[in-house]
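**Student:** Let me give you the structure first, and then I'll get to my questions.
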Amino acid sequence: MSNKFNKTLLATTLAFSPIFAHGASFQLLEQSPAHLGKAFAGTGSDIIDASTVYFNPAGMTKLDRVSLTAGVNLVATDAQFNNEGSSFSGEGDTTDELGVIPNLYAVVPLGDRLAVGFGVNAPYGLASSFNDEWVGRYSATYSELQLVNVNATASWAITDFIAIGAGVNYQTIEADLQSQVDSSLGLAPNTATDSSAKIKGDDDDFVLDLSVLITPSDRTSIGLVWREGGEFKLEGDATFDLNAACSPGAGYPTGAPPAPTTGTLCAGGLSALEGDIEAEVSMPDTLTFSVTQYVTEGWAFHADIAQTRWSSIQNIEVINTGNGAQVDELDLQYDDTMRYALGTSIDTGAWTWRAGIALDEAPQTSPEHLSPRIPDADRTWLSVGANWEVSSHLSLDVGYTHLLVDDASLREESTSAAGVPGVLAGSFDSSVDILGAQLNWRF
């Protein structure tokens with residue numbers, strides 16, 4: 001069994017790719033089309049609608065009426081892999097997916113100083129699809145992840161200037177990942193003789209969030225939000241569709257008889273891995289500091305500084321629970337990351353105009369640790385948006401962002417069960433566009 005396929009098993013068990021995830025690594029920031037319009041600057045200090053349920057529950061006390069926000073984000077990605085000396089047959093390929101990320105939030109005031117809220121969103125997710133003949137097919141072909149977050153929150157305004165909030169989040173993960181397997185174990189890779197692998201897994205967990213909102217004056221707001229990362233043990237199964245070349249006695253000799261053929265080793269290796277599997281993942285905590293400062297009555301600047309504790313993810317093992325065998329280890333070696341965002345908004349009456357820019361770090365950019373399922377890179381957000389106050393009860397937000405993504409270099413080396421070295425080398429050239437819209441009702 002090749003190390004490359006072992007890595008694929010673990011990567012598919014994790015099921016986290018940043019093709020749709022445009023925060024660091026596999027994080028989704030698209031939780032509000034309104035905040036999208038200013039590159040998610042001032043998320044914890046600019047209390048503009050019911051999405052504060054997620055961004056800063058303490059801010060719910062600033063909403064004096066029952067409020068409902070429903071939004072949707074369309075994410076268009078184009079990631080081109082440029083082959084740069086890989087030892088496997090095949091060419092570069094492009095995954096150009098269109099993702100849909102919905103959000104729903106509600107806030108109910110309970111008097112002047114108390115409020116409760118409810119939200120449903122997707123803080124992590126992926127969708128990518130490469131053809132079965134691309135050069136990286138032994139690492140990834142199809143990836144889909146859905147992480148749904150259901151959030152119940154409460155807030156208390158201790159004074160006119162300080163409010164605190166807390167929330168309980170129930171999160172569920174479902175993953176479906178696929179890749180190809182070299183039935184020749186590196187001796188003669190060929191798409192016509194490839195086998196295929198499919199991994200499915202799921203889990204759930206409860207996590208917490210704590211927040212504070214300080215308003216020292218009518219023109220200044222300061223928010224601080226901590227969100228806990230979940231502890232997931234993804235459980236599921238691995239299944240394989242074996243090519244005729246991956247069967248006992250088939251394929252190529254690996255030595256003088258009675259040495260097994262590549263087909264014998266392939267079939268035996270996949271048989272040992274097939275069945276129930278699990279992998280433990282410690283998701284990162286996040287800490288966000290936000291400031292909103294009004295220059296005039298309708299003109300404000302917003303800023304965010306956010307840290308994601310990606311160092312909780314280093315080496316992750318996948319285990320076959322049926323026989324206790326270690327499938328392999330995914331060596332991501334993540335570092336903590338920072339995100340810096342600056343935005344502005346101008347209220348002209350019926351319309352509020354927004355713009356923003358953000359710098360977003362990737363937790364891992366080393367070619368040796370970069371996974372084809374997670375071709376992460378630093379990125380810059382350029383955003384614009386607007387709010388239309390239709391009436392005193394209804395408003396509409398739209399936001400648009402273009403991401404400037406650095407090239408992600410990859411060099412993944414492996415040695416097959418037949419002792420054949422291999423390398424997948426190249427770079428990902430990505431572009432991303434995000435369009436969001438939401439409706440806000442105040443009753």
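The values are calculated or read from the model by the stated rules, or taken from the named source; none is laboratory data. Remember, predicted model here, so these are calculated numbers, not experimental data. Cβ placement follows ideal geometry from the backbone for every residue including glycine, while neighbour counts extend to all protein chains displayed. Quick note on the areas: whole protein, heavy atoms, side chains included, nothing else; ligands and nucleic acids left out. Shrake-Rupley method; radii C 1.70, N 1.55, O 1.52, S 1.80 Å.
**Student:** Just need the relative contact order of the chain here, percent rounded to a whole number, with Cα pairs under 8 Å and 6+ apart. Don't skip to the answer; put the middle values down first.
**Tutor:** On the way: 1471 pairs, mean separation 93.0, N = 443.
Over the chain, the number comes to 21 percent.
**Student:** Still on this model: Given a 1.4 Å probe and heavy atoms of the protein chains only, how would you sort I158, I277, I319, largest accessible area at the top?
**Tutor:** I158, I319, I277
**Student:** Once Rh for segment 241-314 is found with the Kirkwood sum over Cα pairs, what is the Stokes-Einstein diffusion coefficient at 25 °C and 0.890 mPa s, in µm²/s?
**Tutor:** Working: Rh = 18.0 Å.
D = 137 µm²/s.
**Student:** Run the Debye formula on the Cα coordinates of segment 198-355, all scatterers equal and no solvent, and tell me log10 I(q)/I(0) at q = 0.09, 0.13, 0.20 1/Å.
**Tutor:** -0.57, -0.81, -1.20
**Student:** Translational D (Stokes-Einstein, µm²/s) of segment 264-362 at 37 °C and 0.692 mPa s when Rh comes from the Kirkwood sum over C-alpha pairs? Mind dumping the intermediate values first?
**Tutor:** Working: Rh = 17.7 Å.
My calculation gives 186 µm²/s for D.
**Student:** To continue, here is another question. Leaving out ligands, DNA and RNA, what percent of the accessible area of the chain is carbon and sulfur, probe 1.4 Å?
**Tutor:** Details: 9830 of 17330 Å².
Answer for the chain is 57 percent, counting heavy atoms of protein chains only.
**Student:** Also, quick follow-up: Give the share of C-alpha pairs in each 10 angstrom bin for segment 359-411, from 0 to the last occupied bin, in whole percents, shortest bins first.
**Tutor:** 22, 30, 20, 16, 10, 2
**Student:** Hey, what D do you get for the chain in µm²/s if you plug the Kirkwood alpha-carbon radius into Stokes-Einstein at 10 °C and 1.306 mPa s?
**Tutor:** Details: Rh = 22.9 Å.
My calculation gives 69 µm²/s for D.
**Student:** Okay, moving on. Restricting to lysines 8 or more places apart or on different chains, can you count the pairs in the chain with Cα atoms under 27 Å from each other?
**Tutor:** Lysine pairs satisfying the spacing and distance rule in the chain number 9.
**Student:** Using the Karplus equation 6.51 cos²θ - 1.76 cosθ + 1.60 (θ = phi - 60°), what ³J(HN,Hα) coupling, rounded to whole Hz, does each residue of segment 45-53 give in order, writing x for Gly and Pro?
**Tutor:** Result, rounded to whole Hz: 10, 9, 8, 10, 6, 6, 5, 4, 3.
**Student:** Please list the equivalent ellipsoid semi-axes of segment 154-249, computed as the square roots of five times the alpha-carbon gyration tensor eigenvalues, in descending order and whole angstrom.
**Tutor:** On the way: eigenvalues 591, 44, 12 Å².
Values for segment 154-249, descending: 54, 15, 8 Å.
**Student:** Something else now. Given a 1.4 Å probe, how much area per residue of segment 359-443 is accessible, in Å²?
**Tutor:** On the way: 3430 Å² over 85 residues.
Heavy-atom SASA per residue in segment 359-443 reads 40 Å².
**Student:** Shifting gears a bit: Pick from D49, D241, D285: which residue has the top mean-square fluctuation in a GNM of the chain where Cα pairs under 10 Å get a spring?
**Tutor:** With Cα springs under 10 Å in the chain, the top fluctuation among D49, D241, D285 is at D241.
**Student:** In addition: Relative to the longest principal axis of the C-alpha atoms of the chain, give the angle of the C-alpha long axis of helix 3-14, reported between 0 and 90° and rounded to the nearest 10°.
**Tutor:** Long axis of 3-14 versus the principal axis of the chain: about 30 degrees.
**Student:** Further question: For F40, what residues show an amide H to amide H distance below 5 Å, using hydrogens built from the backbone and excluding near sequence neighbours?
**Tutor:** none
**Student:** Further question: Report, please, the projected area of segment 97-144 averaged over directions, based on the convex hull of its C-alpha atoms, in nm². Kindly include the intermediate steps, with their values, before the conclusion.
**Tutor:** On the way: hull surface 18.9 nm².
For segment 97-144, the mean projected area of the Cα convex hull comes to 4.7 nm².
**Student:** Can I ask one more? With just the Cα atoms of segment 288-343, tell me how far they stretch along each of the three principal axes, in Å, largest first.
**Tutor:** 67, 19, 12
**Student:** Follow-up. Compute a Gaussian network model of the chain, connecting alpha carbons closer than 10 Å, and tell me which residue from P375, P367, P57 fluctuates the most.
**Tutor:** P367
**Student:** Considering the dipole of segment 321-443 built from charges on the beta carbon (Lys and Arg +1, Asp and Glu -1) around the Cα centre, which of I374, G356, S427 is farthest to its positive end?
**Tutor:** G356
**Student:** Put T220, T365 in order of accessible area, largest first, 1.4 Å probe: what do you get? Kindly include the intermediate steps, with their values, before the conclusion.
**Tutor:** Details: T220 25, T365 80 Å².
Ranking T220, T365 by accessible area, largest first, yields T365, T220.
**Student:** Okay, next question. Give a quick list of GluC sites (Glu not before Pro) in segment 349-404 that DSSP marks as loop, anything other than H, G, I, E or B, with at most 13 other Cβ atoms within 10 Å.
**Tutor:** Details: sites: E361, E368, E389; in loops: E361, E368.
Within segment 349-404, the qualifying GluC sites (Glu not before Pro) (loop, at most 13 other Cβ atoms within 10 Å) are E368.
**Student:** Then there's this: What is the magnitude of the charge dipole of the chain about its Cα centre, with +1 placed on the Cβ of each Lys and Arg, -1 on the Cβ of each Asp and Glu, and no other charges, expressed in debye to the nearest 20?
**Tutor:** Around 840 debye, computed over the chain.
**Student:** Could I ask something else about it? State the percent of C-alpha pairs, over all pairs in segment 80-194, separated by a distance greater than 25 angstrom.
**Tutor:** Working: 3321 of 6555 pairs.
Here the long-distance tail beyond 25 Å is 51 percent of all Cα pairs in segment 80-194.
**Student:** Using +1 at the Cβ of each Lys and Arg and -1 at the Cβ of each Asp and Glu in the chain, identify which of S195, A76, I101 lies farthest towards the dipole's positive end.
**Tutor:** Towards the positive end, the residue furthest out is I101.
**Student:** Please find, in a Gaussian network model of the chain (springs between Cα atoms separated by less than 10 Å), the residue of I374, I162, I199 whose mean-square fluctuation is greatest.
**Tutor:** Highest fluctuation among the options: I162.
**Student:** On a 0 to 90° scale, report how tilted helix 262-273 is relative to the longest principal axis of the chain, with both axes built from alpha carbons and the result rounded to the nearest 10.
**Tutor:** Tilt of helix 262-273: around 40 degrees.
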